[in-house]
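Since the structure comes first, as structure tokens, the remarks are kept for the end.
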Amino acid sequence: PLIRQILQIKQEQASILGFGSYAEVSIERKMAPSVEAVYDLTEMLLAKAFPAAQKELQQLTEFATANGFDGAALALWDVSFWSERLSEHTFGFEQEELRPYFALDNVLDGLFGLCRRLYGVEIVRSDGEAEVWHADVGFFKVLDEASGEHLASFFLDPYARPENKRGGAWMGVCVGRSKVLDRKPVAYLTCN
């Protein structure tokens, strides 16, 4: 299979570069000091989080059973439904009731204000400065708050369009940064 070839080539690349594995090559440019440190962190998180997750699943199963669920165990597709019912029961309102408080413009204002306070950047809508693929897509510039220098830009595509846009949310690079070409980075953020 192709995946075996890819893994073999990555191992060969690691060996040529003087590493024991491709994981060591990958970790070289990252914050973690070693592959072992990544494993240690993963194991520590598992030890802390797994018992809590098991307890939450048990509580959710008990709630579901008390409210009409008649299966032996909650399946993956049952969990989101019963989690929503439990949340409604616990907090006394449905998630849909929150929608008016989270209009996109309000959320962006709050998010961009937080970015300004935490990182000293001003994010400004710059529609019309770049071509967009849909009327709902916005173009934004990231500016240094103190100097006004243009640091980067991004496209924001916030709405679901099931007819021509895959589900989920993701981010990618449109244009990479280049000092030589005096090019600012541009990303795209796609939400649904």
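The values are calculated or read from the model by the stated rules, or taken from the named source; none is laboratory data. This structure is a prediction, so every number in the text was calculated from the model and none was measured. Please note: Cβ atoms are built from the backbone with ideal geometry, for glycine as well, and neighbour counts cover all protein chains shown. Note: areas computed on protein heavy atoms with side chains; ligands, DNA, RNA excluded. Shrake-Rupley method; radii C 1.70, N 1.55, O 1.52, S 1.80 Å.
Could you grab the pairs with beta carbons closer than 8 Å, sequence gap of 6+ or different chains, first residue in segment 62-83 and within 21 Å of Gln95 (Cα to Cα), second one among the basic types (Lys, Arg) and open to solvent by 60 Å² or more (accessible area, probe 1.4 Å)?
As it stands, the answer is Phe63/Arg85; Ala64/Arg85; Asn67/Arg85, since those pairs meet every condition given.
Taking the residues in segment 28-44 that are of a type in the set (Val, Ile, Thr) and closer than 24 Å to Gly18 by Cα as candidates, determine which candidate is least open to solvent (accessible area, probe 1.4 Å).
So, considering only residues that are of a type in the set (Val, Ile, Thr) and closer than 24 Å to Gly18 by Cα, the one least open to solvent (accessible area, probe 1.4 Å) is Val35.
Given the conditions (1) modelled with pLDDT of 95 or more; (2) loosely packed, with under 14 Cβ neighbours inside 10 Å, and given that Val142 satisfies all but one, which numbered condition is not satisfied?
Going through the list (1) modelled with pLDDT of 95 or more; (2) loosely packed, with under 14 Cβ neighbours inside 10 Å, Val142 breaks only (2).
Taking Asn164 as meeting all but one of (1) open to solvent by less than 80 Å² (accessible area, probe 1.4 Å); (2) under 23 Å from the mean Cα position of the chain (by Cα); (3) of a type in the set (S, T, N, Q), write down the number of the exception.
(1)
Please note which strands (runs of 3 or more DSSP E) are completely contained in segment 94-190 and include at least 1 residues that are among the aromatic types (Phe, Trp, Tyr), farther than 26 Å from Glu84 by Cα and touching a Cys at 6+ places or on another chain (Cβ under 8 Å).
Correct list: 150-157, 186-190.
Take the residues of segment 51-78 that are among the charged types (D, E, K, R) and open to solvent by 70 Å² or more (accessible area, probe 1.4 Å): which is nearest to the chain's Cα centre (by Cα)?
Within segment 51-78, the match that is nearest to the chain's Cα centre (by Cα) is Glu56.
Would a scan of segment 79-87 turn up a residue that is closer than 25 Å to Ala146 by Cβ and either open to solvent by 100 Å² or more (accessible area, probe 1.4 Å) or part of a helix (DSSP H, G or I) (or both)? Walk me through how you get there before you give the answer.
Narrowing segment 79-87 to residues closer than 25 Å to Ala146 by Cβ: none.
Within segment 79-87 (the criterion being closer than 25 Å to Ala146 by Cβ and either open to solvent by 100 Å² or more (accessible area, probe 1.4 Å) or part of a helix (DSSP H, G or I) (or both)), the answer is no, since none of the residues qualifies.
Under 9 Å between Cβ atoms, at least 6 apart or on separate chains: pull out the pairs that start in segment 12-28 with a residue that is among the hydrophobic types (A, V, I, L, M, F, W, C) and end on any residue that is open to solvent by 30 Å² or more (accessible area, probe 1.4 Å) and in a loop (DSSP other than H, G, I, E, B).
Pairs found: Ala14/Gly20; Ala14/Ser21; Leu17/Glu28; Phe19/Glu28; Val25/Leu17; Val25/Phe19; Ile27/Pro33; Ile27/Ser34.
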